[in-house]
1. Could you tell me which residue of segment 197-211 is surrounded by the fewest Cβ atoms within 10 Å (Cβ to Cβ), considering only residues that are among the aliphatic types (A, V, I, L, M) and within 15 Å of ARG261 (Cβ to Cβ)?
2. Closer than 18 Å to THR280 by Cβ, at pLDDT 95 or above and either surrounded by fewer than 17 Cβ atoms within 10 Å (Cβ to Cβ) or within 16 Å of the chain's Cα centre (by Cα) (or both): which single residue out of CYS191, CYS149 fits that description?
3. Hey, can you tell me all the residues within segment 219-256 that are part of a strand (DSSP E or B) and closer than 14 Å to LEU167 by Cβ?
4. Hey, among the residues in segment 327-341 that are in a loop (DSSP other than H, G, I, E, B) and under 15 Å from ALA79 (Cβ atoms), which one's farthest from the chain's Cα centre (by Cα)?
5. Is there any pair linking a residue in segment 312-323 that is at pLDDT below 90 to one that is surrounded by fewer than 18 Cβ atoms within 10 Å (Cβ to Cβ) and not in a loop (DSSP other than H, G, I, E, B), with Cβ under 9 Å and at least six apart or on different chains, and which?
6. So, in segment 1-21, exactly how many residues are of a type outside the set (Lys, Arg) and in a loop (DSSP other than H, G, I, E, B)?
7. (1) under 30 Å from ARG304 (Cβ atoms); (2) outside any helix (DSSP H, G or I): which one isn't true of ALA24, the others all being true?
8. Is it fair to say GLY349 is outside the structural domain of HIS198 (by TED's automatic domain parsing), under 24 Å from the mean Cα position of the chain (by Cα) and not charged (D, E, K, R)?
Amino acid sequence: MKRLKLGMVGGGQGAFIGAVHRIASRIDGRFDLVAGALSSDPARASASAAELGIKRTYDNYEAMAINEAARDDGIDAVAIVTPNHMHAAPAIAFLNANIHVICDKPLAATAEEATTIQAAFAESKARFFMTYNYTGYPLIRQAREMVACGDLGDIRIIQAEYAQDWLTGATDQSNKQADWRTDPARAGAGCIGDIGTHAFNLAAFVTNMVPCEISAELSSFVPGRKVDDNAFIRLRYRNGARGTIWSSQVAVGCENGLKLRIYGDKGGLEWEQENPNQITFARFGEPKQIITRGGAGLGKGAERWTRIPPGHPEGYLEGFANLYNDIADIISGTNDSELVPDLNAGLDGMWFISSCLASSEANGSWIDL
């Protein structure tokens, strides 16, 4: 199996998500990281590349895109793992160079930036992928398959939540991750952009349904904070279904509480990220079932992406790795998977963020798609 050549923008010393992408890209041996512009600081970029054994290091993403596109052994794809405000410009540069783009969520910091990415994509020969990593979890793919097969019947209620507590108190510049995530100039939005988009995307991925209207109340509970740290959101769907999303980074005692509940007229299912290897499924009038990753009765949605026997937990890194595996298949032309979030998923996420902001500013008014 051919190993693809991967580049990276961002993810240098002190970064979190860049290391996650590097691990995930290596799990199945599909990518080799060969080039990078790992920091806007040339010295840090060089030092970071040296630590990682990356021989082709660049001071900036512009030079990287031009040079890699000109090389016979240039990169096949680039992973963009920068803060949100630095997604658009690198994405456009590599799209213009016809190099496939793997972008961490959300798509951009503003709707205007998202539009510029969309325009560049329309003129490019490259593919665009979003790493909403929870869509790579085997049982989330199982849930998607169950909904598509009609196991739940007509969907009536969709509830998603993502609760953390790590921003409960005031932060300072010594916490690099909190510093940029609470800066509207770099993050664009707060809690809804950082984790609310995950809950929104997960509900859409499993149900194949995007709401037509949103009503939101965003709050900033920490004094002086300039972005939201809690959100209550209501959703309306064209088929009459209703939904809610709760997103919070000030919920004390919650670590990474991403949860999804879906109910139709025939059945319902529940899934929690902190115990990702089980789904609770119930048919109306029958006892509840516990479906386990790697266990009996699974469809192809879970079996294909399960690496180890049941009872051995898989989760965050393996979910990312499943996306990288799918992306490698797509680039190689061996399987054009529909399971990888693409530019449309990124644009939906940006509509979600902008609609939440607009609704909250209008005292919770309903915003149309």
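1. Per the criteria, the residue is MET209.
2. Result: CYS149 is the single residue among CYS191, CYS149 that is closer than 18 Å to THR280 by Cβ, at pLDDT 95 or above and either surrounded by fewer than 17 Cβ atoms within 10 Å (Cβ to Cβ) or within 16 Å of the chain's Cα centre (by Cα) (or both).
3. SER219, ASN230, ALA231, SER247, SER248
4. Out of the qualifying residues, it is VAL340.
5. PRO313/ASN275
6. Selection size over segment 1-21: 8.
7. Only one criterion in (1) under 30 Å from ARG304 (Cβ atoms); (2) outside any helix (DSSP H, G or I) is unmet by ALA24, namely (2).
8. no
The values are calculated or read from the model by the stated rules, or taken from the named source; none is laboratory data. Being a predicted model, the structure only gives us computed values, none of them experimental. Backbone-built Cβ (ideal geometry, glycine too); neighbour counts: all protein chains shown.
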